[in-house]
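Colleague: Can you read through this structure? Questions will come right after.
The values are calculated or read from the model by the stated rules, or taken from the named source; none is laboratory data. Please read these numbers as outputs of a predicted model, since none were measured by experiment. Heads up, the Cβs are rebuilt from the backbone with ideal geometry, glycines too, and the neighbour counts pull from every protein chain shown.
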Amino acid sequence: MQPTIDHELLRTFIAIVDNGGFTKAARAVNRTQSAVSMQMKRLEEDVIQHPLLLRQGKQLRLTSEGHTLLSYARRILDLHGEALNVLRQPDMVGKVRLGVPDDYVMRFLPGILKSFSQAWPLVDVDVLCAPSSVLSQQTREHLDLSIMTREVGDEIGVILRRESTVWVAAASHSIHLTSPVPLAMFEVPCFCRRHACNALDRQGRAYRVAYSSPSLATLQAVVSAGLAVSAWMSSLVTPDMQVLGKEEGFPELPEASIVLLRTSSTQSPIIDSLAEHIMEGFRL
C-alpha cells in the first residue's frame, strides 16, 4: 500500500504556519499545545522523515521540504472539502442553461457570471447566444433561463429593465449626413430594425440597409468605423459613438424591455440563484 498522510496532521501543520507558532495553532485546531507538538513530531519523523520547521529565536521558518509540503497540504485539504460539499450537498453541483442575445454579453454577463460563480463554484453554465426571436422559440429541453428583448406591452416573464432605443453613429464621422443614409441593422425579425425603418419611412427620409448581422459586435464595428448608422438600446452605446436625435434629423424611437423568462419547469436552487444574480446584474 502507498503511504498516506493523515488530514489532521496536514491541518495542524497549516495552522502552525498560518498562525506563526504552536500556541495560536493549538487554539485554531482546538487542541492542546502538547498535542500539536506531538502531531508535528509524528509528521516530521514518521511520515515525511524530514524536518519541516526550524526555530530561529521566537520565529519559525519553513525548510525546503516544509515549503513543498505546504503547497500540497493546502491543495489536499481544498480537494477534501470540495469532495465533502459535492457528496453532502448535491444541489451545489450541476448545470444551468442560459440563453442570451449577444447584445448583453459584454455589457452585463461578465459581472453576473462572476458573482454566480463565487456562490456556485462547481456549477457549469452553458450559454447560448442567439437573437431574441430564436430564444423565444427554445423549449424547456434546451434552456432553463432566457434573457430577451421585447416590445413594451409585449413582455413575458420578469421585466429586468426598460430602456430607450437610440440612433447611433461614430462620434468622429458624419455618415449620418449621407443620403440615402446607410444603416447597419440586426437581421429580420428584429423590432428595433422594424421601428427604425418605419420611423424613417414616416419621415420620408431616404435610407438603405447597407449592413445586416445577428451580431452586435459586428454592427458596433461597422458603426465605429463610420460606415453606417444603427439603432439599439441606450445601454449598448460605447464612448466612441454619438447619439443622434431630432437635431440631426432622426426621429424618436420607442422604448424596449429586457425580460427574463424561466423556460424550465424543473425546481432547482441553481436556476433560482442564477435568476436572482441576473436580476441584480441588470439593476446595476
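Colleague: Would you pick out the residues in region 1-21 that are assigned to a helix (DSSP H, G or I) and charged (D, E, K, R)?
Modeller: Our first condition is that a residue be assigned to a helix (DSSP H, G or I); within region 1-21, this holds for 7-19.
Matches in region 1-21: GLU8, ARG11, ASP18.
Colleague: Is it the case that some residue within region 181-188 is closer than 25 Å to LEU98 by Cα, surrounded by fewer than 20 Cβ atoms within 10 Å (Cβ to Cβ) and hydrophobic (A, V, I, L, M, F, W, C)?
Modeller: yes
Colleague: Give the residue that is nearest to the chain's Cα centre (by Cα), with candidates limited to residues of region 22-45 that are surrounded by fewer than 16 Cβ atoms within 10 Å (Cβ to Cβ) and not in a helix (DSSP H, G or I).
Modeller: Here the answer is ASN30.
Colleague: For region 129-154, which residues satisfy the criterion of being within 27 Å of LEU219 (Cα to Cα) and at pLDDT below 80?
Modeller: Of everything in region 129-154, those that are within 27 Å of LEU219 (Cα to Cα) and at pLDDT below 80 turn out to be SER133, SER136, GLN137, GLN138, ASP154.
Colleague: Restricting the first residue to region 215-243 and requiring it to be free of Cβ contacts under 8 Å to residues at least 24 places away in the same chain, which pairs with a second residue that is part of a helix (DSSP H, G or I) meet a Cβ separation below 7 Å and a spacing of at least six or different chains?
Modeller: From region 215-243, the pairs are THR238/GLN220.
Colleague: Right, next: Within region 60-75, identify whether any single residue is among the aromatic types (Phe, Trp, Tyr) and either at positive phi or in a loop (DSSP other than H, G, I, E, B) (or both), and answer yes or no.
Modeller: Looking through region 60-75, none of the residues is among the aromatic types (Phe, Trp, Tyr) and either at positive phi or in a loop (DSSP other than H, G, I, E, B) (or both).
Colleague: Take the conditions hydrophobic (A, V, I, L, M, F, W, C), at pLDDT 90 or above and either on the phi > 0 side of the Ramachandran plot or under 26 Å from the mean Cα position of the chain (by Cα) (or both) and apply them to MET241. Does it pass? Walk me through it before giving the result.
Modeller: Numbers: hydrophobic (A, V, I, L, M, F, W, C): yes; at pLDDT 90 or above: yes; either on the phi > 0 side of the Ramachandran plot or under 26 Å from the mean Cα position of the chain (by Cα) (or both): yes.
For MET241, the condition - hydrophobic (A, V, I, L, M, F, W, C), at pLDDT 90 or above and either on the phi > 0 side of the Ramachandran plot or under 26 Å from the mean Cα position of the chain (by Cα) (or both) - is met.
Colleague: Go through region 199-222 and give me each residue that's farther than 20 Å from MET106 by Cα and either exposed (fewer than 13 other Cβ atoms within 10 Å of the Cβ) or β-branched (Val, Ile, Thr) (or both).
Modeller: The answer is ASP201, ARG202, GLN203, GLY204, ALA206, ARG208, VAL209.
Colleague: Within the group ILE270, ILE258, ILE278, which residue is in a strand (DSSP E or B) and either within 23 Å of TYR104 (Cβ to Cβ) or not assigned by TED's automatic domain parsing to the domain that holds SER172 (or both)? Reasoning before the result, please.
Modeller: Working: ILE270 fails: in a strand (DSSP E or B); ILE278 fails: in a strand (DSSP E or B).
That would be ILE258, the only listed residue that is in a strand (DSSP E or B) and either within 23 Å of TYR104 (Cβ to Cβ) or not assigned by TED's automatic domain parsing to the domain that holds SER172 (or both).
Colleague: Name the residues in region 52-84 that are over 16 Å from THR4 (Cα atoms), exposed (fewer than 14 other Cβ atoms within 10 Å of the Cβ) and not hydroxyl-bearing (Ser, Thr, Tyr), would you?
Modeller: LEU54, ARG55, GLN56, GLY57, LYS58, GLN59, ARG61, HIS67, ASP78, GLY81, ALA83, LEU84
Colleague: Name the single residue that is surrounded by the most Cβ atoms within 10 Å (Cβ to Cβ) among those in region 230-269 being in contact with a helix residue (DSSP H, G or I) (Cβ under 7 Å, 6 or more places away or on another chain) and β-branched (Val, Ile, Thr).
Modeller: ILE258
Colleague: Then there is this: Within region 260-283, track down each residue that is touching a Ser or Thr at 6+ places or on another chain (Cβ under 7 Å) and among the basic types (Lys, Arg).
Modeller: none
Colleague: Picking from ALA73, ALA35, which residue would you name as being modelled with pLDDT of 85 or more and within 22 Å of PRO121 (Cβ to Cβ)?
Modeller: ALA73
Colleague: Would you check if ASP126 is surrounded by 15 or more Cβ atoms within 10 Å (Cβ to Cβ), among the charged types (D, E, K, R) and modelled with pLDDT of 90 or more?
Modeller: When the stated conditions are applied, ASP126 does not pass them.
Colleague: Can you name the residue in region 1-24 that is β-branched (Val, Ile, Thr) and in contact (Cβ under 8 Å) with a residue 12 or more places away in the chain and, of all such residues, is nearest to LEU43 (Cα to Cα)? Break it down into steps so the answer makes sense when it comes.
Modeller: The first filter runs over region 1-24 and keeps only residues β-branched (Val, Ile, Thr), leaving 4-5, 12, 14, 16-17, 23.
Restricting the remaining residues to those that are in contact (Cβ under 8 Å) with a residue 12 or more places away in the chain gives 5, 12, 14, 16-17.
Working: ILE5: 8, THR12: 10, ILE14: 12, ILE16: 13, VAL17: 14 Å.
Result: ILE5.
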